[in-house]
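Contents: one structure, followed by commentary.
The values are calculated or read from the model by the stated rules, or taken from the named source; none is laboratory data. In this text the structure is predicted, and so the values were computed from the model without any measurement. Backbone-built Cβ (ideal geometry, glycine too); neighbour counts: all protein chains shown. When the accessible area is computed, the model is the full protein with side chains, heavy atoms only, and any ligands, DNA or RNA have been set aside. Shrake-Rupley method; radii C 1.70, N 1.55, O 1.52, S 1.80 Å.
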Amino acid sequence: MSRIKLGFLWLMALFYTVGGVNHFIAPDFYLPMMPPYLPLHLELIYLSGVAEIVLGIAVLFPSVRVQAAWG
């Protein structure tokens, strides 16, 4: 893998991981985006934050990179 591709891969992982952490730091930012038909808005925001952190880290592992990117 070229150094440029590797750099962008790490940037993508950082972007998603920081975004996921932000779900816990500022959940009020995400509340207005929640559709009214979904229950448990705050819990879903936290769940999506966990998913974003896990997938952001997972893109760094070649064995699950494609699945994590699709996630």
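The residues of region 17-39 that are surrounded by fewer than 15 Cβ atoms within 10 Å (Cβ to Cβ), small (Gly, Ala, Ser) and either in contact (Cβ under 8 Å) with a residue 12 or more places away in the chain or at positive phi (or both) amount to a single one, Gly19. Taking the criterion of being more than 17 Å from Ala68 (Cβ to Cβ) and of a type in the set (Gly, Ala, Ser), the residues of region 1-39 that qualify are Ser2, Gly7, Ala26.
Name the residue, out of Leu55, Leu14, that is in contact (Cβ under 8 Å) with a residue 12 or more places away in the chain, open to solvent by 90 Å² or more (accessible area, probe 1.4 Å) and in contact with a Gly (Cβ under 8 Å, 6 or more places away or on another chain). After ruling out the rest, the residue left standing is Leu14. Output yes when any residue across region 2-23 is part of a loop (DSSP other than H, G, I, E, B) and modelled with pLDDT under 95, and no when none is. For region 2-23, residues part of a loop (DSSP other than H, G, I, E, B) and modelled with pLDDT under 95: present. Examine region 45-56 for a residue that is within 30 Å of Met1 (Cα to Cα) and of a type in the set (Asp, Glu), and state whether such a residue exists. Looking for residues that are within 30 Å of Met1 (Cα to Cα) and of a type in the set (Asp, Glu), one finds at least one in region 45-56, hence yes.
Here region 58-71 is the region considered, the condition is being surrounded by 13 or more Cβ atoms within 10 Å (Cβ to Cβ) and outside any helix (DSSP H, G or I), and the residue that is modelled with the lowest pLDDT is Gly71. With respect to Leu42, determine if the residue is farther than 19 Å from Ala69 by Cβ, at pLDDT 95 or above, open to solvent by 80 Å² or more (accessible area, probe 1.4 Å) and assigned to a helix (DSSP H, G or I). For Leu42, the condition - farther than 19 Å from Ala69 by Cβ, at pLDDT 95 or above, open to solvent by 80 Å² or more (accessible area, probe 1.4 Å) and assigned to a helix (DSSP H, G or I) - is not met.
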